[in-house]
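In what follows, a single structure is set out as structure tokens and then discussed.
The values are calculated or read from the model by the stated rules, or taken from the named source; none is laboratory data. Fair warning: this is a prediction, and the values are worked out from it, not measured in the lab. Note: ideal-geometry Cβ built from the backbone for every residue, glycine included; neighbour counts use all protein chains shown.
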Amino acid sequence: MRKILPVLALPLALAALAAAADSRPKVRAITAFINIDARNYEAQYAETMKFLDSARAAYRAAGFEVEGVRIATQPFPRYIGGMKPEEGLAFLRKLDELSTRLKFAPNIGAAMLRDDDSTATFDTLAQALASTRLNASLVIAGEDGIHWRALHEAARLIDKVGRISPHGRGNLNFAATAMVKAYGPFYPGAWHEGEGRTFAIGLEGAGVVADVFARYHDPREAEQQLTAALAAPLREAEAVATKVAAESRWHYAGIDPTPAPLGDVSIGRAIESLIGGPFGSSGTMTAARIITAAVQAAPVKRTGYSGLMVPVLEDNVLAKRWAEGAFNIDSLLAYSAVCAGGLDTVPLPGDIGVERLARILGDVASLAYKWNKPLAARLLPVPGGKPGDRTDFGDSRMSDTVIR
């Protein structure tokens, strides 16, 4: 017998299906997590790329657009720690060159996972961030508490990279992370210390949110519709991942269903559609909670942030509202209390200094640890930049805005 939907449920189901069909999210990243050694790394990366190429082909065959593939290693001090500084930097530059040749986005893992980890490789990391495409992170809070020593080391690193990299853009590839677990697919905070041969998926789903919020403005209905609209493509994406894992014997860690924005695929515009005003005005926190609730109801194995991303410079609407003064660092921290995220691509004056950077990172770590939620900070001191100046990072991924 054919199942008949209740009269009230039918419009909701049809609308959710229409939203999902109209704005199927792009696969932003297929991220592989591996362990390498300095003697055999080229073969290890080549083998990983074979896996990623097959995974990318599987997603394309299923109708998904794939933006790119990524490879994250175990913490880099574990494979350059015994080298002289110049040798370690030369090795990291070889990894960067290999990533260009093989066409993947590289991540060298976490500089510190624990508060008592060595900082002997930090000068090497600063030089690598300033002169390569390598991504890296540093953990400033975990299950064992806030890592106050690591937090100050992160502030020193951010300050130095801002001063020695062109336009300060080296910090675009570095994040201080708090309560962010392993195997998240999004950069720069992706990390692991396991056995490798693991992969995760990240989707660019801000368009789905925009489509739903354009249709529904009642908070309860918007949350219900968004939950339904996200569910279908996430199930499809997980079905592909499960099949890939079974055929390859790589371990599937999960999907980060955070609706990542980029450029005109704007989470800022989506939120403005719901609240009827500029991002940062009343209702923004409600929208952040609705998005996070819908994401965390996703019927898939979740990994990573699983919340809301608010990257100031990666979202054209957010960059504009930041320039207008519609929101600030305190606003972002307030929204982070009801979602995942933190302070992402936030431009700062070039002379902000280590101590103030450390205080900002301390606020992120305190909020994350108090509420056991994954937050990250990508802070961007602009060399010579003062409040009121416009940024110029020279990066096509970024929208320039005003330093505040």
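In this structure, does Ala377 turn out to be under 21 Å from the mean Cα position of the chain (by Cα), crowded, with 23+ Cβ neighbours inside 10 Å and part of a helix (DSSP H, G or I)? Walk me through how you get there before you give the answer.
Details: under 21 Å from the mean Cα position of the chain (by Cα): yes; crowded, with 23+ Cβ neighbours inside 10 Å: yes; part of a helix (DSSP H, G or I): no.
No: the conditions fail for Ala377.
Of the residues that make up segment 250-257, is at least one of a type outside the set (A, V, I, L, M, F, W, C) and buried (at least 24 other Cβ atoms within 10 Å of the Cβ)?
Within segment 250-257, one or more residues are of a type outside the set (A, V, I, L, M, F, W, C) and buried (at least 24 other Cβ atoms within 10 Å of the Cβ).
Out of all the residues in segment 57-102, which are surrounded by 18 or more Cβ atoms within 10 Å (Cβ to Cβ), small (Gly, Ala, Ser) and either in a helix (DSSP H, G or I) or out of contact with any His (no Cβ under 8 Å at 6 or more places or on another chain) (or both)?
Within segment 57-102, Ala58, Gly88, Ser99 qualify.
For (1) out of contact with any helix residue (DSSP H, G or I) (no Cβ under 9 Å at 6 or more places or on another chain); (2) basic (Lys, Arg); (3) part of a loop (DSSP other than H, G, I, E, B), each residue gets a yes or a no:
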site: Ala29; (1), (2), (3): yes, no, no
site: Ala38; (1), (2), (3): no, no, yes
site: Ala46; (1), (2), (3): no, no, no
site: Asp116; (1), (2), (3): no, no, yes
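Report, ordered by the first and then the second residue, all pairs with beta carbons closer than 8 Å, sequence separation of six or more or different chains, a first member in segment 333-347 that is within 11 Å of Leu367 (Cβ to Cβ) and touching a residue at least 24 places away in the same chain (Cβ under 8 Å), and a second member that is among the aromatic types (Phe, Trp, Tyr) and not in a loop (DSSP other than H, G, I, E, B).
Ala337/Trp371; Gly341/Tyr335
So how many residues does segment 311-343 have that are surrounded by fewer than 24 Cβ atoms within 10 Å (Cβ to Cβ) and either more than 25 Å from Val265 (Cβ to Cβ) or among the acidic types (Asp, Glu) (or both)?
The qualifying residues number 3.
Check Ala46, Ala13, Ala38 and return the single one that is surrounded by fewer than 18 Cβ atoms within 10 Å (Cβ to Cβ), among the small types (Gly, Ala, Ser) and modelled with pLDDT of 95 or more.
None of the others qualify; the one that does is Ala46.
Can you find a residue in segment 153-165 that is acidic (Asp, Glu), in a loop (DSSP other than H, G, I, E, B) and out of contact with any Ser or Thr (no Cβ under 6 Å at 6 or more places or on another chain)?
No, there is no match, as no residue in segment 153-165 is acidic (Asp, Glu), in a loop (DSSP other than H, G, I, E, B) and out of contact with any Ser or Thr (no Cβ under 6 Å at 6 or more places or on another chain).
Name the residue, out of Lys160, Lys181, that is of a type in the set (Lys, Arg), in contact (Cβ under 8 Å) with a residue 60 or more places away in the chain and out of contact with any Asp or Glu (no Cβ under 7 Å at 6 or more places or on another chain).
Matching residue, one of Lys160, Lys181: Lys181.
Output the number of residues of segment 327-381 satisfying the condition of being over 20 Å from Gly304 (Cα atoms) and either basic (Lys, Arg) or at pLDDT below 95 (or both).
The number of residues fulfilling the criteria is 2.
Checking Leu125 against (1) in a strand (DSSP E or B); (2) in contact (Cβ under 8 Å) with a residue 40 or more places away in the chain, which single condition isn't satisfied?
Just one mismatch for Leu125, condition (1).
List pairs: first residue in segment 206-232 and of a type in the set (Asp, Glu), second residue buried (at least 21 other Cβ atoms within 10 Å of the Cβ) and part of a helix (DSSP H, G or I) anywhere in the structure, Cβ distance under 9 angstrom, at least six positions apart or on different chains.
Asp211/Ala19; Asp211/Ala20; Asp211/Ala229; Asp211/Ala270; Glu223/Ile290; Glu223/Ile291; Glu223/Ala294
What's the number of the condition Lys160 fails, among (1) touching a Phe, Trp or Tyr at 6+ places or on another chain (Cβ under 9 Å); (2) crowded, with 23+ Cβ neighbours inside 10 Å; (3) closer than 19 Å to Ile360 by Cβ?
Every listed condition holds for Lys160 apart from (2).
How many residues does segment 103-114 hold that are on the phi > 0 side of the Ramachandran plot and either free of Cβ contacts under 8 Å to residues at least 40 places away in the same chain or part of a loop (DSSP other than H, G, I, E, B) (or both)?
Residues that pass the stated criteria total 1.
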